[in-house]
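The values are calculated or read from the model by the stated rules, or taken from the named source; none is laboratory data. None of the values given here were measured: they were computed from a predicted structure. Here the Cβ positions follow ideal geometry from the backbone for every residue, glycine too, while neighbour counts run over all protein chains shown. Each accessible area value is taken on the protein alone, full model and side chains, heavy atoms only, with ligands, DNA and RNA left out. Shrake-Rupley method; radii C 1.70, N 1.55, O 1.52, S 1.80 Å.
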Amino acid sequence: MHKPKRNPVRIIKNLIILAGCVTAFFWMFFDILKRETVVSHDASVLVMGTNATFKPFEYKESGQVVGFDVDLAREIAKELGAELKIEDMSFDGLLPALEGGRIDLAVAGMSVTTEREKNALFSEPYYQATQRIIVPEDSKIFNKSGLIGKKIGVQLGTTGDILASEISGAKVVQFPAVPNVLQELASGRVDAVILDDAPATQYITAFTGLKVLSSPIGNESYAIAMKKSNYTLKEKVDQAINRMKEDGRMDALLKKYFGETR
Ligand code: ARG
């Protein structure tokens with residue numbers, strides 16, 4: 001009796017089934033991995049929370065949130081193979097939103113502070129900023145000590161807010177959006193404003209008679225904040241930021257938003 005001949009059609013069929021199973025397995029496996037790092041409900045979407053009143057980092061242009069941070073987050077999403085979704089909210093709502101899992105990243109020109117580090121993870125820093133005092137051109141305030149006992153406008157929950165609250169006798173007036181703070185200063189309802197250097201320079205151009213004092217009152221680093229437990233995402237975000245610093249994409253971004261001067 002001769003051995004039954006192998007049926008080539010059957011072999012190919014079995015091979016196709018096997019390949020299908022292997023692919024399905026890997027697909028499921030990577031999907032689970034992805035879901036772990038991207039905490040939003042849909043694994044292919046990376047949700048960025050921000051407060052779009054902070055030029056040139058995030059602001060609105062014909063209804064769209066744009067700026068340095070948006071471009072940065074898009075690059076990171078690309079590296080993660082996810083689609084970027086933007087949630088515009090109040091600045092002081094960002095850390096609670098991370099905590100509650102409503103956003104994956106807070107990308108909002110957010111400065112790293114030890115207090116914030118108690119409740120969130122921060123990425124590698126991507127920008128060095130300073131805090132500045134803004135006053136009317138004819139003001140008698142020339143430096144930080146000139147702020148003692150004065151009415152100071154700030155954006156609620158920012159490091160400017162914290163700095164102002166440490167000045168003795170000062171009355172701190174908090175606003176939800178940066179342009180409103182400057183509006184109050186221009187109308188004379190506050191004596192000074194404490195704000196980050198880049199937005200300060202950008203927003204005062206919309207008002208007449210305001211100036212930014214030249215000496216900084218604090219140095220800070222901007223970084224992306226993530227949920228305290230999300231080390232997997234932090235690792236990926238850091239990798240993306242470092243790669244961008246190395247391959248020139250970060251410099252290109254700085255050039256796009258700040259010109260040659262930085
Ligand atoms: N750098 C400051 C901080 O971390 C101000 C950030 C405000 N950002 C914003 N998107 N409005 O507190």
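Of all the residues that make up the stretch 111-150, how many are within 16 Å of the ligand (Cβ to nearest atom) and among the β-branched types (Val, Ile, Thr)?
6
Quick one: in the stretch 146-156, of everything that is open to solvent by 20 Å² or more (accessible area, probe 1.4 Å) and of a type in the set (A, V, I, L, M, F, W, C), which residue is nearest to THR130 (Cα to Cα)?
LEU156
Looking at GLU99, is it modelled with pLDDT under 95, more than 16 Å from the ligand (Cβ to nearest atom) and not hydrophobic (A, V, I, L, M, F, W, C)?
It is true that GLU99 is modelled with pLDDT under 95, more than 16 Å from the ligand (Cβ to nearest atom) and not hydrophobic (A, V, I, L, M, F, W, C).
Could you tell me which numbered condition LEU213 fails, if it satisfies all but one of (1) open to solvent by less than 20 Å² (accessible area, probe 1.4 Å); (2) within 16 Å of the chain's Cα centre (by Cα)?
Answer for LEU213: the failing condition is (2).
Can you find even one residue in the stretch 224-240 that is away from the ligand (no atom under 16 Å from the Cβ), assigned to a helix (DSSP H, G or I) and in contact with a Gly (Cβ under 8 Å, 6 or more places away or on another chain)?
No, the stretch 224-240 contains no residue that is away from the ligand (no atom under 16 Å from the Cβ), assigned to a helix (DSSP H, G or I) and in contact with a Gly (Cβ under 8 Å, 6 or more places away or on another chain).
Find the residue count for the stretch 49-90, including only residues that are in contact with a Ser or Thr (Cβ under 6 Å, 6 or more places away or on another chain) and hydrophobic (A, V, I, L, M, F, W, C).
So the answer is 1.
What number of residues within the stretch 157-190 are open to solvent by 60 Å² or more (accessible area, probe 1.4 Å) and touching a strand residue (DSSP E or B) at 6+ places or on another chain (Cβ under 7 Å)?
Number of matching residues: 3.
Could you say which residue among LEU163, LEU182, LEU156 is within 16 Å of the ligand (Cβ to nearest atom), in contact with a helix residue (DSSP H, G or I) (Cβ under 9 Å, 6 or more places away or on another chain) and more than 20 Å from LEU94 (Cβ to Cβ)?
Exactly one of LEU163, LEU182, LEU156 is within 16 Å of the ligand (Cβ to nearest atom), in contact with a helix residue (DSSP H, G or I) (Cβ under 9 Å, 6 or more places away or on another chain) and more than 20 Å from LEU94 (Cβ to Cβ), namely LEU182.
State all residues of the stretch 44-81 that are more than 10 Å from the ligand (Cβ to nearest atom), in contact with a helix residue (DSSP H, G or I) (Cβ under 7 Å, 6 or more places away or on another chain) and open to solvent by 10 Å² or more (accessible area, probe 1.4 Å); if no residue qualifies, say none.
ASP71, GLU75, GLU79, LEU80
Within the stretch 3-23, which residues are closer than 30 Å to VAL45 by Cβ and modelled with pLDDT under 75?
CYS21, the sole residue that qualifies.
Read through the list (1) touching a Gly at 6+ places or on another chain (Cβ under 8 Å); (2) in a helix (DSSP H, G or I); (3) at pLDDT below 95, then give the number of the only condition that ASP69 fails.
Looking at each condition in turn, ASP69 falls short on (3).
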